[in-house]
Amino acid sequence: MSTSFMAAFSEPRDSSTSGPVLRQGAACFGSFNRVDNLTSDAELLEVMEWHPRVAPNCPSAKECFDFINSMGPWKGVYHLTSVGTIAVAIRNIPADRVITGLMAARNYNLGYNNLERNRIPDGIENLEAQKLFYIAYCAGASINSFGEFTWNDQGSTGEDGMCLLTNETDAYALYLLAYGTEEECSDLFFQDPLFSDGPNENGYLRDSSSNMPRFRSRLPSSISSLYRSLGDWMKCYLVLRGPATGKLGRLTVGQFKERHRSRGNTLASLFDMFEELKDLYS
């Protein structure tokens, strides 16, 4: 079954808006950023649901839900429905938080650079391993043509990136993704709720959004030039709010990758290094 995505109205004004807005195919969440796809009642959209692909090699809806719910930035944001969808109430949650979590769940469901198929070392739970594999993927990890674990220099890029982690990013970002609590991750995101008044009136903001300049003009000057893509939320958090934690400046993502290379690029050493991150920042 193909993955699909829909949004439902809370209080339709008339019969023409009584049903959900449905998109089938690859669950391109950006399709909801075009007003002509939404009708004038977009402000009444209340709940969004994503249906994972159902196939023998794809994680189930329950597994996808457990995956995103295991990470602080999205813990407690979504719920699993009785029909096998992952749903989120969009009215009071930042748009970048809503969409990035769904992107992470979709990536997990459809696979990402074969990392999720690695043999997990003894003593590591599958959910924990998949979470750490995915965070490594966001920082540039992949499996090369020889089946070897390798690092790219800059991590995922482009407006489809869920969280853009470059070598210069403080490694506290890795800790927050892997072990951050709901409280620690409560103010990581910057956009308004979906389809609210303001820059997010037509949906979430990414590189190509016409409202992105308007949104950036409302941000503090220290991050207004940094937020250029949906995936820049963590980078902006570290600049604007990270110093208050007193945990920045200990390690960069690039240094984390170099240390892993020096230990042989093994999966066992990758898990060990994440444990060291937990000790470093907890």
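Odds and ends about this structure:
- Counting 0.36 nm for each residue step from Val54 to Glu182 and taking away their Cα separation leaves a gain of 43.1 nm.
- Vicinal HN-Hα couplings computed from phi for region 174-188 (Karplus, 6.51 cos²θ - 1.76 cosθ + 1.60; Hz; Gly/Pro x): 4, 4, 4, 5, 7, 9, x, 7, 4, 5, 5, 9, 5, 10, 7
- Residues Asp197 and Thr81, FRET efficiency given R0 of 30 Å [Cβ-Cβ distance, rounded to 0.05]: 0.55
- Note on Glu275 and Arg214: with the Förster distance fixed at 45 Å, the Cβ-Cβ geometry gives a FRET efficiency of about 0.55.
- Here the extension length gained between Glu46 and Glu258 equals 71.9 nm, from 0.36 nm per residue of separation less the Cα-Cα distance.
- Positive-pole candidate from Gln255, Ala268, Asn211, dipole of region 202-272, charges at beta carbon: Asn211
- For region 88-93, 3J(HN,Hα) computed residue by residue from phi via the Karplus equation (6.51, -1.76, 1.60; θ = phi - 60°) reads 8, 7, 9, 5, 10, 10 Hz, glycine and proline entered as x.
- Stokes-Einstein D for region 201-282, Kirkwood Rh over Cα pairs, 25 °C, 0.890 mPa s (µm²/s): 161
- Shown is the FRET efficiency for Ser222 and Ser282, computed with R0 = 35 Å from the Cβ-Cβ distance and rounded to the nearest 0.05: 0.80.
- Full extension of the chain segment joining Lys62 with Thr150 gains 28.7 nm, where the gain is 0.36 nm per residue of separation less the Cα-Cα distance.
- Ranked packing of 163-174, 246-257, most packed first, by mean Cβ within 10 Å: 163-174, 246-257
- Look at Trp50, Trp151 and count the other Cβ atoms within 10 Å of each Cβ; fewest to most, that gives Trp151, Trp50.
Only the coordinates and a few stated rules stand behind these numbers; no lab work does. Predicted model, so just to flag it, every value in this text is computed and none were measured. Every residue, glycine as well, gets a Cβ built from its backbone with ideal geometry; the counts of neighbours run over all protein chains shown.
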